[in-house]
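This report refers to the structure that appears directly beneath it.
The values are calculated or read from the model by the stated rules, or taken from the named source; none is laboratory data. Worth saying up front: this structure is predicted, and the values here are computed from it rather than measured. Note: ideal-geometry Cβ built from the backbone for every residue, glycine included; neighbour counts use all protein chains shown. These area figures cover heavy atoms from the full protein model, side chains too; ligands, DNA and RNA do not enter into them. Shrake-Rupley method; radii C 1.70, N 1.55, O 1.52, S 1.80 Å.
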Amino acid sequence: MPTARAARKAAFRLGAVALAGALLAGCGSGGSDGASDSAGGKVTITVDLFGSFGYKEAGLYAAYEKLHPNVTIKQTDTEDEQDYWKSLQTRLAGGGGLADVQGIEVGRIASVTQQQADKFEDLTRYGANDLKGEFAEAKWSAATTKDGKVLGLGTDVGPEAMCYRTDLFKQAGLPTDRAELAQKWSTWEGYLELGRQYKAKAPAKSAWLDSVGSLYTVMIGQEKERYYDASGKLIYAENPAVKTAWETSTEAARAGLSAKLDQWSPQWNQAFSTGSFATLPCPAWMLGYIKGQAGDAGKGKWDIAKLPGGAGNWGGSYLSVPRAAKHKKEAYELIKWLTAPAQQATLFTKQGNFPSSTGAISQVASASDPYFSGAPIGQIFGDAAKAAPVQVLGVHDKNVADQITNALSEVERKGTSPEKAWSNAQKGVENAIG
């Protein structure tokens with residue numbers, strides 16, 4: 001999910017290891033309990049998402065419709081999660097135009113549980129408590145209110161690694177072995193030093209990384225406390241971890257290591273096929289996105305190594321049912337099936353979205369991906385998921401993160417001083433959260 005994570009219509013190439021029989025296994029009871037709330041028993045379930053959820057691309061919708069001939073699934077998506085969230089807030093306030101299933105980015109889930117619980121169905125009404133043991137505790141509890149309402153089922157988590165272009169590394173005289181690179185960039189300073197070496201001998205029009213915003217996001221994903229502390233106090237302005245990630249990112253900008261591409265922009269999408277950057281901080285869900293943007297021409301040119309500075313998490317999402325949904329029971333049965341271990345395992349092997357289901361994690365431990373030079377993705381992301389901190393989630397996590405990455409974009413693209421940009425970030429946070 002993801003943020004987090006932005007929805008893509010590109011046709012993802014399926015190159016990962018398949019899990020035999022996983023698609024149809026463990027589908028549970030299927031359709032809704034009791035009669036359909038649509039005439040004639042035919043139901044069209046609407047799903048509104050952002051980010052690289054990958055259900056359509058992995059064939060999961062088609063499989064569910066085959067198992068449930070009375071069900072048709074219609075998905076809509078939005079390119080940018082910020083735009084998606086703004087639109088969702090407008091529709092929640094008005095009570096109309098909502099889908100039966102709405103995606104929620106992990107950076108928004110605290111807002112849902114603490115401020116908007118009356119806008120979403122309590123899934124325990126449909127038996128969700130029976131599923132608790134299937135999910136990682138942190139994933140489950142984040143979508144649970146203090147009085148025990150469950151407002152969403154977890155899709156994925158975002159354990160982090162570093163994706164890199166082996167062909168561009170070779171042209172710049174850098175090593176390409178994933179274990180050797182993990183040793184050389186065991187720290188973020190080591191990563192920047194390799195970036196300086198790359199810049200000195202890089203192919204024309206190719207930078208070390210896509211944007212300093214992505215560098216900041218992956219670094220802050222390695223921290224337990226980021227924008228709020230456990231008591232709910234906003235602490236980003238004085239948090240040393242935020243300061244370190246900011247300073248490292250602005251250092252990368254000043255060193256000219258970035259391609260200055262805003263993530264999710266059309267220019268960023270095009271850059272996957274032009275070699276505009278050699279490395280990409282890479283949560284698991286990014287794998288499917290890379291395949292979709294780079295296409296067949298990128299197969300074998302990418303590899304994956306352990307992340308500098310230790311494990312972290314970036315993104316992951318939930319599927320929720322609004323109170324205003326037309327087909328609540330059918331929507332619950334769909335999200336129950338989509339988030340079941342077998343479907344989460346299939347989604348990882350085909351799209352890279354790392355499971356939040358404990359049962360699925362064990363199923364994908366030995367998975368590798370030929371698109372990424374045979375990288376042992378099950379091991380790399382599995383180890384990262386185990387070592388990643390359980391993050392403190394605040395009500396306005398995503399708003400704070402967006403303002404900081406917007407300010408970093410000013411540094412790399414407009415030459416704004418880090419001091420001025422940080423001041424702008426703080427003003428942006430004040431305006432965003434009041």
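Ordered from highest to lowest accessible area with the whole protein assembly present and a 1.4 Å probe, E410, E330 read as E410, E330. Taking label points 7 Å from Cα along the Cα-to-Cβ direction, E189 and R413 give a separation of 3.1 nm. Note on L153: accessible area approximately 0 square angstrom, rounded to 10, probe 1.4 Å, nucleic acids and ligands left out.
Of R254, R413, R226, R196, the residue with the largest accessible area leads and the full order is R254, R413, R196, R226 (1.4 Å probe). Gain on full extension, evaluated as 0.36 nm per residue between S273 and N70 minus their Cα-Cα distance, stands at 69.0 nm. As a ratio to 2.2 N^0.38 Å, the alpha-carbon radius of gyration for region 310-426 is 1.42. Length gained on full extension, A365 to N406: 11.1 nm, using 0.36 nm per residue less the C-alpha separation. For the chain, with all protein chains in place and a probe radius of 1.4 Å, 49% of the accessible heavy-atom surface sits on carbon or sulfur. Using R0 = 30 Å, the C-beta based FRET efficiency linking E180 and D83 works out to 0.15.
Report the GluC sites (Glu not before Pro) located in region 53-99 that are in a DSSP loop and have at most 13 other Cβ atoms inside 10 Å of their Cβ, or state none. All intermediate terms of the calculation are to be shown ahead of the outcome.
Numbers: sites: E57, E65, E79, E81; in loops: E57, E79.
Within region 53-99, no GluC sites (Glu not before Pro) qualify (loop, at most 13 other Cβ atoms within 10 Å).
Using only the C-alpha atoms, the convex hull of the chain corresponds to 124 Å³ per residue.
Here the Karplus curve 6.51 cos²θ - 1.76 cosθ + 1.60, taken at θ = phi - 60°, turns the phi angles of region 75-90 into couplings of 9, 10, 8, 10, 4, 10, 4, 4, 5, 4, 5, 4, 5, 5, 4, 5 Hz, with x standing for Gly and Pro.
The accessible area of K184, taken with all protein chains in place and a 1.4 Å probe, comes to roughly 100 Å². With all protein chains kept in place, the per residue accessible area of region 291-431 amounts to 34 square angstrom at a probe of 1.4 angstrom.
On the beta carbon distance between K233 and A200, with R0 = 35 Å, the FRET formula returns roughly 0.20. A simple rule links phi to the HN-Hα coupling: the Karplus curve 6.51 cos²θ - 1.76 cosθ + 1.60 with θ = phi - 60°, which for region 215-223 gives 4, 4, 4, 6, 5, 5, x, 8, 10 Hz, with x for Gly and Pro.
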